[in-house]
Amino acid sequence: MAYPTAVRTHFTAMSASASPLWRVLSTGRRVPAVPARHGPLVVAPFATAVESPTAQDVNPAQILRNVRPKLLIDGDFVDAASGKTFPVLDPRTEDVIAQVAEADAADVDRAVGAARRAFDSGPWRKMSGRQRGRVLSRLADLLEERAEEFARIETLDNGKPLALSRGFDIPFVVSHFRYFAGWADKISGKTLQTNSNTFAYTLHEAVGVAAAIIPWNLPLLMMALKAAPALACGCTVVLKVAEQTPMSALLFGELALEAGVPPGVFNILPGYGPTAGAALVAHPGVDKVSFTGSTEVGREIMRGAADGVKHVSLELGGKSAAIVCPGVDLESVVEEAHDALFMNQGQACAAGSRTFVHESLYDEFVERAVERAQRATVGDPFGDVQLGPLVDSAQLEKVLGYMREGAAQAGAGYLCLVAEYSYLIYRLNGSLIGVATQGAVVRCGGSRIGSKGYYVEPTVFSDVRDEMSIAKEEIFGPVQSIMKWSSVEEVLDRANASPYGLGAGVWTKDLDLANRISRGLRVGTVWVNCYNQFDDAAPFGGYKMSGFGRDMSEYALQNFTEVKAVVTPLQDPAWI
Amino acid sequence: MISIIRILYSESSRNVLPKLLIDGDFVDAASGKTFPVLDPRTEDVIAQVAEADAADVDRAVGAARRAFDSGPWRKMSGRQRGRVLSRLADLLEERAEEFARIETLDNGKPLAMSREGDIPFVVSHFRYFAGRADKISGKTLQTNGNTFAYTLHEAVGVVGQIIPWNFPLTMLAVKVAPALACGCTVVLKVAEQTPLSALLFGELALEAGVPPGVFNILPGYGPTAGAALVTHPGVGKVSFTGSTEVGREIMRGAANGVKHVSLELGGKSVAIVCPGVDLESVVDDTHMALFYNHGQNCCAGSRTFVHESLYDEFVERTVERLGPLVDSAQFEKVLGYMREGEAQGAVIGCGGSRIGSKGYYVEPTVFSDVRDEMSIAKEEIFGPVQSIMKWSSVEEVLDRANANPYGLAAGVWTKDLDLANRLSRGLRAGTVWINCYNAFDHAVPFGGYKMSGFGRDLGEYALSNYMEVKAVVTPLKDPAWI
C-alpha cells in the first residue's frame, strides 16, 4: 500500500472543491512572487481564517464503543496498578473523549514479567514459523474486516483526514501483517564454509522480549512496523503507545487475542514517556528496545538501554530534502513536493521539509507552491478536507513557534504580531531591504485557524537560508521551506549538511543525475520522482542523527533476531 | 622460579615507530606526552609510546572524515579495495615472525601461540575480507505497485574502534578488515598495554596502498583517547571489544550522537560435559577452553559443568592435566578471585597462588565443588581459574547455564545428536561449540547475547556493522512486468 496512489488521487479530486473553509483560505491575499530587491516591501496580512472549522456530526462515544481503555497485560485488559487514568482529547474540539488507564513502572514490571514468561516458557516459541505466520495472517484478516471502524478511531484520535486513515494507514497495517506473516516461516540461518574439518551453521533466533515505543503521528501503522516483524520472529512484545493516541492499538490488541496470539505475547501500555517509557527501556527483563520518535528522546533511550546492554533500534527525526531539478513537469512536481510535506499535516518523520528548487524554476515553483498550499483545504478530518488539526496543544504551540521564528528571521525584529493566532504583519523600511531580501518570506499561512481545535494554516516560506531554524530543525507541522540551488555539488552538500539523514526526494528525468544524487545523499530512503512511496518490502530508517536499524522489509527481521553460530568437528567427512 | 629468555626489545620491535598514525604520518601526540609499555615477563619498560588524547582524536577523526568524504577510498571499486587488503595480508605474511615476536613481547602470550594462532589468523582474516570487498551488494525488491525499489549497502562512514590487549593484532584484524572492505575509514584506539604490533601493521597498510587518513591508529588510554573517540561528532560508528562495564560507558557516550554501536563484551561461558564422552579428550578440550591465552579470553569456558556420573573422575583428571604449568595474567585481580573462591567454600584442586615475585605469573587454578552463586562462578575472571560444577538433568544444566547475565559462548561435549541439538538451541549464547571449543573461523560469526553485547564480528554478518542501508524507490512508467 503506497501513500500517493491512494491519497493523492483523493487530494486531486478535491482540489476544485469549494468547501467553506477553502473559500475562507482562498481569500488570503497573495504575496508578490518575487520580493523586490529595492524599494519598500510590505508583506501581509495573509491569513484571514479566524473561525474554527465547522465540526462534522460524528459521535466519539459511538466510534470508540468497542475500545477498552485499559492496559493489555498477559491477555487481560486491566487497570493500572496505581488506578490512575489520563484523558485523551479530540484534536478537533479539545474535548475529552476517553479516560485511559495510565501505565507506570509497576505496570511495566507486570507486562514485562508476562512477556518474559510467555517467551521463556509459553507456546509462542514452540510454535513453528508457519504457525506463527498463520496467526499473523488471521490478525490481518480480522483487521481488514473492521477497517472502517479502525479508520474512524484513528481519525478521531489523531486528527488525520479520514481519507488518509482509510486510504493509507489501515490498509497499510493489514498489508504489513500479511507481508510479515509470510516472513515468519522464512527466517533461516546459513550453513557456512569453514577452512577446516568443521561443520558450522547459524541459527537466527528471536531476541526475546522486545519493547516498542511508538509515536502518535501514525498510531496503528507504527504499531505494525514494530509488532509485525517482532511477532514474526517469535519475540514477545511490550508496546508503549503514545499518550495522545492509544485507542486504535487497544482495539487491535483484542483482535490479536482473537487471532490466536497467546496471552503475554503482545502487551500494550498506554502511558507517558518519562514514566512508562523510561521504566520499559530500563527494565532488566527487556532484551531489545525499538523506538520511533524524536532524536532527543532517542538519545535518552539509548542511554537508558546502556546499562542492560540492550539491542536498540531507533527511527528518529528528519529534515528531509525534496530536490527539484531542471527539466521536470512543474505541475506534477509542485503537487508531489506539496504532498511530501503536508501529508498528515506535516506530522511525518520523513516529511520533505526542505524543498530545494533549481534557480531556473525557483520563482515559478514558489508561486505555484504557494497557490497549491492556499488551495489546500483544512478542516474537520471527518469532512472532505486535505488537512485536519494537529494532534495536540503542545504540537500546535511548537509549530506556531517555528512559524513565528521563521517570520522573525525574515524581518529581523520588524515583525509585528498583532494578535495571537491571527495576523502576522511585516513592515520593512527602505534601509532594511537588504536584510529582507536575504531573509525568509512568509508566502502564505503562518497562523492558527480559529481558537478551538488544533488547526493551523498550511504555511510556505520562500527565500529560506540554510542556517535558519525553520531550515535546520524538525518542525513536524505544515510548514514548507523553499530554497534555491544552482549546482548539483552545492545542493548535495547543502542537503547533507543537516545532521539528520532520513529521507529525500529527487525530481529529474535525467538518469545520470538521478544516480548521482541517489548515491550522494546520506539518507536512508531516496524517492526518485515520487515521495512517501512506502512499501512493506522497502526498508525504512535513517543515517546519522535519524537513527539506526531499519523498519519494514527483510532488513527489519535483524532488529528482532540474534545470530547464534554452532560449530562441530567433522569426523571423516565426504567433503569439506 | 621462572627463567626468562633474554630477548632485547630493541631486536624484536626495532621497526616499530612508537607514535600515532594520523593521515598517513607517524606523529607525536599534540601534548608531546608518551607512556611506557612494559614487558610482562620482567616488568621492564620496553618502549615509550606517544599518548593520544582528545586533541589527537580530533586530528585523526578529521583526517578520517576527509578521507571518507573526499578521498580516493570511496571512489575505489570494491575489487580495488580488495586488492589492497590482499596485498596487506601478503606483506604481513612475509614478516610473520617479526610480528609474532612483537606480540609475545608485548602481551606475554607464548611465542608458539603468536606464531601459529594470532599472526596466521590475521593474515587469513584480511584475505577473507579482501574477497568480500567486491561482494557487498544491495537487493532489488518486489513492491506492490508500479515502482522499482532497490537497496544500496553503503559504508557507514568514519568508524571508531577500540580494542583490548588480549589478542592485539587479532582484534585489530577482526575490526579493521571488514570496515575497510566496506569502504569505511577507521580510527583505531589500541590498548595502552599492547600498542606495538598495530603500529608496525599501520606501516604495512600504507605500503599496501591504503590511502592516507583511511586507517589511523591512536595508542592511548580509555578515559581520555577512548572517550573522546566515542563522543567525537565526526565518528558515525563505534565498535568495541572489551569489558561489559566499559561497553555500557561506550553506549552511553555514543547516545548523544545517535551513533551505530556494536559491542563484543565479557562472558562467563559454559563448558557442558555430558555422559558417554571420551573423558581423556574432553578433559583436554575443557582445559584448553579455559586456559587458552591464560584464561585471558572473552569466551573462556570458565564454568565447567560436568555430569554427576563423571564428576569425580573428571575433577581428578583435570587437576592432573595441569601439571606444573606456568601462566601469566592480570594477577592482582585473579589472585583476589582465587582467595574469594576459597573463602566461599570452593575446593582448590591445585594452584591458587602467585609464582615468584617478578613478572605477572599466577598458578593455573582449578576449583571443584563450585556453587552457582559464588563470585568465581558468576563473574568474569579473565585469568587461569577453572570452576567445575556438577549437573544431573539437562533441563537443570540449561537453566543454570542461561541464568548468567552473559551469553557469549558455550561448549557441549556429547555423542548424542538429540542432546547436541537440544542444548545448542536451548543455550542463550552467540556461539555453541559441539565437541570442540575456541574453534574460530573467519566465516563464522562471533558475538554475544544478553550482557555480552550485540552485533557480530567475523563472517558475512560483520559487514552489517559497517554499512548503512539506503532504499531507492522510483515509479515505473509502462513496465513490462511488476
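What does the charge add up to near residue A:458, with Lys and Arg as +1, Asp and Glu as -1, over the other residues with Cβ less than 11 Å from its Cβ? Let's see the in-between values first.
Numbers: positive: A:372, A:375, A:443; negative: A:457.
Neighbourhood net charge equals +2.
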(message) What's the magnitude of the charge dipole for chain B around its Cα centre, counting Lys and Arg as +1 and Asp and Glu as -1 at the beta-carbon? Answer in Debye, nearest 20.
(response) 1760 debye
(message) Net charge within 9 Å of residue B:67 by Cβ-Cβ distance, Lys/Arg positive one each and Asp/Glu negative one each, not counting residue B:67 itself?
(response) +1
(request) Relative to the longest principal axis of the C-alpha atoms of chain A, give the angle of the C-alpha long axis of helix A:129-145, reported between 0 and 90° and rounded to the nearest 10°. (result) 40 degrees
(message) Using the Karplus curve 6.51 cos²θ - 1.76 cosθ + 1.60 with θ = phi - 60°, what ³J(HN,Hα) values do you get for each residue of region B:409-419, in whole Hz, with x for Gly and Pro?
(response) 8, 7, x, 10, 10, 6, 9, 8, 4, 5, 5
(message) If you average 1/r across every pair of different Cα atoms in region A:70-316 and take the reciprocal, what Kirkwood value do you get, in Å?
(response) 18.3 Å
(request) Obtain the radius of gyration and the Kirkwood radius of region A:99-206 from its C-alpha atoms and give Rg over Rh. (result) 1.14
(message) Output the 0 to 90 degree angle, nearest 10, between the alpha-carbon long axis of helix B:311-322 and the longest principal axis computed from the alpha carbons of chain B.
(response) 70 degrees
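What is the fewest-to-most order of A:255, B:279 by other Cβ atoms lying within 10 Å of their Cβ?
Numbers: A:255 18, B:279 15.
Ascending Cβ contact count within 10 Å gives the list B:279, A:255.
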(request) Just the ratio, please: alpha-carbon radius of gyration of chain B over 2.2 N^0.38 Å, N its number of residues. (result) 1.02
(request) Mind grabbing the base-10 log of I(q)/I(0) for region A:118-162 at q = 0.18, 0.26 Å⁻¹? Debye formula, identical points on the C-alpha positions, no solvent, two decimal places. (result) -0.67, -0.85
(request) Rounded to the nearest 10 degrees, what's the angle between the helix A:362-375 long axis and the longest principal axis of chain A, both from Cα atoms, 0 to 90? (result) 80 degrees
(message) Can you give me the orientation-averaged projected area of the convex hull built on the Cα atoms of the protein assembly as shown, in nm²?
(response) 42.9 nm²
(request) Specify the inter-centroid distance of region B:227-272 and region A:304-382, based on alpha-carbon positions, in whole Å. (result) 35 Å
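Treating only the Cβ of Lys, Arg, Asp and Glu as charged (+1, +1, -1, -1), what charge dipole size does region A:70-316 show about its Cα centre? Round to the nearest 20 debye.
On the way: 25 positive and 29 negative charges, 216 e Å.
In debye, rounded to 20, region A:70-316 gives about 1040.
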(request) Would you calculate the separation in nanometres between label points at residue A:144 and residue B:395, each defined as 7 Å from the Cα along the Cα-to-beta-carbon direction? (result) 4.2 nm
(request) Quote the FRET efficiency, to the nearest 0.05, computed for residue A:451 versus residue A:296 with a Förster distance R0 of 30 Å and r equal to the Cβ-Cβ distance. (result) 0.50
(request) Step through the table entries A:398/B:470; A:70/A:452; A:509/B:237; A:319/A:398, compare each Cα-Cα distance with 25 Å, and write down the pairs that go over it. (result) A:398/B:470; A:70/A:452; A:509/B:237
(request) Determine the sum of side-chain charges near residue B:29: Lys and Arg each +1, Asp and Glu each -1, restricted to other residues whose C-beta is under 14 angstrom from that of residue B:29. (result) -3
(message) Taking the alpha-carbon distance from residue B:390 and a cut-off under 16 Å, which lysines remain once sequence neighbours fewer than 8 residues away in the same chain are dropped?
(response) B:378
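Would you list B:311, B:150 from fewest to most Cβ contacts within 10 Å? Could the numbers behind the result be given before it?
Values: B:311 19, B:150 15.
If I rank by nearby Cβ atoms, fewest first, I get B:150, B:311.
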(message) Under 5 Å between amide hydrogens, which residues at least 5 positions from residue A:547 or on another chain qualify, with H placed 1.01 Å from N in the peptide plane?
(response) A:316
(request) Evaluate E = 1/(1 + (r/R0)^6) for residue B:371 and residue A:99, where r is the Cβ-Cβ distance and R0 equals 56 Å; express this FRET efficiency to the nearest 0.05. (result) 0.60
(request) Would you mind ranking B:428, B:14 so that the residue whose beta carbon has the fewest other beta carbons within 10 Å leads the list? (result) B:14, B:428
(request) Only residues of region B:35-75 count here: report those whose backbone N is under 17 Å from the spot 7 Å along Cα→Cβ of residue B:221, or say none. (result) B:35-38, B:48-57
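Please work out the FRET efficiency for the pair residue A:130 and residue B:481, using the Cβ-Cβ distance as r and a Förster radius of 41 Å; give the result to the nearest 0.05.
On the way: r = 29 Å, r/R0 = 0.70.
Given R0 = 41 Å and the Cβ-Cβ separation, E is 0.90.
Just so you know, all these numbers are worked out from the coordinates, no wet-lab data involved. Quantities reported herein were computed from a predicted structural model and do not represent experimental measurements. For neighbour counting, all protein chains shown are included, and Cβ atoms are generated from backbone atoms with ideal geometry for every residue, glycine included.
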